[in-house]
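Asker: Following this message is one structure expressed as structure tokens.
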Amino acid sequence: MSARCGKYLEIALLFCCVSALFAACGDGRETTPDAGLGDVAIVDTGAPDSGITDAGVPDAGTDAGQLEKLTSYVDPFIGTGGVGFGVGQLIPGATMPFGMVKVSPDTTERTGAVEFYHCAGYYYYDPYVLGFSHNHLPGVGTADLGNVLFMPMVAMDEKMTRPSEYRAPLDHATELAVPGYYSVKLPDRDVTAELTATTHAALHRYTFASGSERFVLIDLDHMASSNTQAFDEHITIDTASGSVSGDVLGKGSFSGGYGGLRVYFHAVFSAPIFAYGTWTETGYVPGTAQAAGDAIGAFVGFGPSDGAPIMARVGMSYISAEQAKANLEVEIPSFDFDAVRAAADAAWEAELSVARVEGGTAAERTMFYTALYHVFQLPTVFGDANGKYLGFDGQVHDAPDFTYYTDFSLWDTYRTLHPLLTLIAPDRTREMIVSLIKMYEQGGAFPRWPMGTGESGSMVGDSFSIVIADAFVKGVTDFDVDTAWEGMLPPADGPMPPGTTYGGRGGIEDYLALGYVAADHDSGSVSETQEYAYNDFAIAQLAAALGKTADQERFTQRAGNYKNVFHPESKFFRGRNADGTWVEDFSETGWKDYYVEGNAWQYRFFVPHDVPGLAALFGGPAALVAELDRLFALSKAAYPDEKGSPLFPKYYWQGNEIDIHTAYVYAEAGRPDLTAEWARWVMRSWYGADPDGIPGNDDGGTMSAWLMFAMMGFYPVPARDIYVVGSPVFTKVTLNLKGGTFVIEAPGASRNGKYVQEATLDGAALDRPWFSHTAVASGARLRLEMGATPSDWGKF
């Protein structure tokens, strides 16, 4: 979860609690059909050794290692539901990997779309669908986008311009979602709507009942939720070419922070336009072909149905309507819906084929491949088909040798998503880092959470430094590292230069002078200190790789600054004032001003870069293990009441990033058996193969990437060239990496077979519960013999 924009989070938390209670009581969750998974579910039995599945043994189905179509394992409805802080904010619509266009249904409750449940537009338990908009921020707990909504209609009048009138009942029994394709039947108008997509365009197919009147409504005032607003809209209908084009300035919770993001579209219909009209704030005007202003929309009509569907090709761009049209003509030049759908399916099959799994259950394979599918949703391709993109300076630029991306949830994604992409898609990692460097060059600073053409200002720390350093130390070096280094230093070494409009570390003066951010000077001080220490560690690793010895030494020293906010008596990280005194107001489970999106328990073990140093603060590895045990015991006891609660969990919280690494701290403290124990508990308890199957906002693929790593049996430590061994779910995983094939064999892996008994890497004994990225990037074979009882393997 990442949405820290000043006091926005406090408001969002209140909104979340109220809306969660409202939704749980009144949205019809008990009677809504499932997403087509039948009785497959993940059930928590409460037993510590129950594994992650309800069945507990491999089913008799075909292994993904043998199955030709991996897309058949993907269920896009996973993560589209949830309650309270468990809302996944994912979408079921048609997308391409990292596609600019994410055409998907937007839904609403009976009395309107409560913001926190509709940040991405769709909420599984809603009873109504509003229509199909073309861009989304899936898995992000902040409302934005959802522009250019289309909706098929069988009648049009002034009343039908209102969302409460043009919406349709949503029947999950008629929904189908697979990678690159979505369909649903709208029962009140007997219309079947189908969607497919390319990277920059969408293709709609609406099949009307015989003899029915046929209209398509276009609402430019629509955005994802109530906390977003559209302005300065334009639309033009050209009956001669059968096209509609226009643009809208959308201001969401992120884009509104830099003045809004303008979206352009160009749509071409498959049948002649016989009727048309527009509406504005001042009224509904049939027969008009142009409109401008706020709260505008249009409709086009095609006469009674003759049995042929109405199709709409829709191109999108953030540069101009001409670019939107060009994108459309390059990617969808005709109305061959089945060909576009087949191409999308083939593209997704190619992406998913990076991993082949054997063993496990059908539900586990669905969870794994759906997680991989969600990993390829964000960041977003922001450049047009010709490589042009709108930069942070508001100017159009060319990207001749890379694809330009935006929408980086960096505070979240540096932990799992980017390390996963560095492993399985290093060329894309390189393009994403080049994109971040361009943002620095064109905007004046590296961003924390770039969205669209600007910085949202969300969260804390210089997470970009970890992303860049992690990639570089793992061999992704084909980018301008000198410029990246140049941009890392200003926020790390002091206040940002005059004229810089974003970026920088809050409380940096105290951090440099005192070795910590003072709680009486800056909110979020403990979290900032811990994040900055990790950022400094990453910078030190990059300095070492570049041969910058002096910088390596000073940033390595600063990487230990987390120790300065560790309270020696309570053994928690706590707020500390500038004069060295400790803030008296302390609670182990309450959200205090000196933490960011978390509490003392959740930040207690957040030192991923220095577990030995953390252990020393507790009195040694055994003492650290004892406190980890206490955390998970408390978490397990509280979990039945916290799952689905509108209130945040008090102890371990998989739905928030700061402690998702915690189970793997055990292994670095010498107890890999306990890593296995609790990693399996997290998988079983917090994930599932249903709409509620994500532990919270997917946060740009962070939660999905965590699940992939956990199920494969190893976990990254960003900016360090190691993976920590965990507890594989599958008996075999084959990763087709750029440098070679990495195979993880885990004979005996099962519901109870979760403990490593012995391990080898390329035939040599692996005595410690970790291995290097360097050792596997060019191909390797990791063999983990699994058993039902803890062993002494890897202990120290």
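Asker: Mean 1/r over all different Cα pairs, inverted: what Kirkwood radius does the chain give, in Å?
Answerer: Value: 26.7 Å, from the Cα pair sum.
Asker: Is segment 287-329 rounded, prolate or oblate when judged by the Cα gyration tensor, a ≥ b ≥ c being the square roots of its eigenvalues, rounded requiring a/c under 1.5 and prolate requiring a/b larger than b/c? Can you show the working numbers first?
Answerer: Working: a/c = 3.22, a/b = 1.28, b/c = 2.52.
Note, shape of segment 287-329 comes out oblate.
Asker: If you average the C-alpha positions of segment 704-776 and of segment 594-669 separately, how far apart do those two centres end up, in angstrom?
Answerer: Centre-to-centre (Cα) distance: 23 Å.
Asker: Same structure again: On a 25 Å Cα-Cα criterion, which of the cross-link pairs Lys563/Lys592; Lys571/Lys650; Lys732/Lys754; Lys251/Lys388; Lys563/Lys650; Lys548/Lys738 come out too long?
Answerer: Distance filter (> 25 Å) returns Lys548/Lys738.
Asker: Using Cα atoms only, what is the angle between the long axis of helix 362-375 and the major principal axis of the chain, expressed in degrees (0 to 90) to the nearest 10?
Answerer: 80
Asker: May I pose another question? Under a 5 Å amide H to amide H cut-off, with H placed in plane at 1.01 Å, what residues pair with Tyr404 once short-range neighbours are removed?
Answerer: Residues meeting the amide H criterion: Phe382, Gly383.
Asker: Could you report segment 216-325's accessible area per residue, 1.4 Å probe, as an integer in Å²?
Answerer: Each residue of segment 216-325 exposes 34 Å² on average to a 1.4 Å probe.
Asker: With the cut-off at 1.5 for a/c, could you classify segment 309-402 from its C-alpha gyration tensor as rounded, prolate or oblate?
Answerer: The shape class here is oblate.
Asker: Using mean Cβ contacts within 10 Å as the protection proxy, how do 142-154, 197-209, 507-519 order, highest first?
Answerer: Working: 142-154: 27.2, 197-209: 25.3, 507-519: 21.1.
Ranking the peptides 142-154, 197-209, 507-519 by packing returns 142-154, 197-209, 507-519.
Asker: Suppose every Lys and Arg Cβ carries +1 and every Asp and Glu Cβ carries -1, with no other charges. What dipole size does the chain come out with about its Cα centre, to the nearest 20 debye?
Answerer: 960
Asker: A further question follows. Can you pull the percent of segment 697-768's accessible area that's carbon plus sulfur, 1.4 Å probe, other chains left in place?
Answerer: 44
Asker: Pop the C-beta distance of Glu281 and Leu761 into the FRET formula with R0 = 51 Å and round what comes out to the nearest 0.05. Please list the in-between numbers first.
Answerer: Working: r = 66 Å, r/R0 = 1.30.
According to the calculation, E is roughly 0.15.
Asker: Beta carbons within 10 angstrom, averaged per residue: use that to sort the peptides 77-85, 249-257, 621-629, highest first.
Answerer: Top of the packing list down: 77-85, 249-257, 621-629.
Asker: Right, here's the next one. Excluding ligands, DNA and RNA, what is the solvent-accessible area per residue of segment 119-187 at a probe of 1.4 Å, expressed in Å²?
Answerer: Value returned for segment 119-187: 23 Å² of accessible area per residue.
Asker: Roughly speaking, what is the stretch gain from Asp579 to Val330, that is 0.36 nm per residue apart minus the C-alpha to C-alpha distance, in nm to one decimal?
Answerer: Values: separation 249, 0.36 × 249 = 89.64 nm, distance 6.31 nm.
Going from the current span to full extension adds 83.3 nm.
Asker: Using the charge dipole of the chain (Lys, Arg: +1 at Cβ; Asp, Glu: -1 at Cβ; taken about the Cα centre), state which of Gln552, Ala202, Asn599 has its Cα farthest towards the positive end.
Answerer: The residue sitting most towards the positive pole is Gln552.
Asker: In whole percent, how big is the carbon plus sulfur part of the accessible area of segment 451-496, probe 1.4 Å, protein atoms only?
Answerer: Details: 530 of 1150 Å².
Heavy-atom surface of segment 451-496 belonging to carbon and sulfur, 1.4 Å probe: 46 percent.
Asker: Computed FRET efficiency, Cβ-Cβ of Leu546 and Thr192, R0 45 Å: what is it to the nearest 0.05?
Answerer: According to the calculation, E is roughly 0.20.
Asker: Take the alpha carbon gyration tensor of segment 264-352, find the square roots of its eigenvalues, order them as a ≥ b ≥ c, and report rounded if a/c is under 1.5; if not, report prolate when a/b exceeds b/c, else oblate. Walk me through the intermediate numbers first.
Answerer: Numbers: a/c = 2.75, a/b = 1.54, b/c = 1.79.
Here segment 264-352 falls in the oblate category.
Asker: May I ask you to derive the relative contact order of the chain, considering only C-alpha pairs under 8 Å and at least 6 residues apart, and to give it as an integer percent?
Answerer: The value is 15 percent.
Asker: Take the solvent-accessible surface of the protein heavy atoms, probe 1.4 Å, and return the percent of it on segment 283-347 that carbon and sulfur atoms account for.
Answerer: Working: 1450 of 2500 Å².
Whole-percent figure for carbon plus sulfur exposure: 58.
Asker: Go through 467-474, 481-488, 532-539 and give me the packing order, highest mean Cβ count within 10 Å leading.
Answerer: 532-539, 467-474, 481-488
The values are calculated or read from the model by the stated rules, or taken from the named source; none is laboratory data. Given the structure is predicted, the values throughout are model-derived calculations rather than measurements. Neighbour counts run over all protein chains shown; Cβ positions are idealised from the backbone, glycine included. These accessible areas exclude ligands, DNA and RNA; they are computed on the full protein's heavy atoms, side chains included. Shrake-Rupley method; radii C 1.70, N 1.55, O 1.52, S 1.80 Å.
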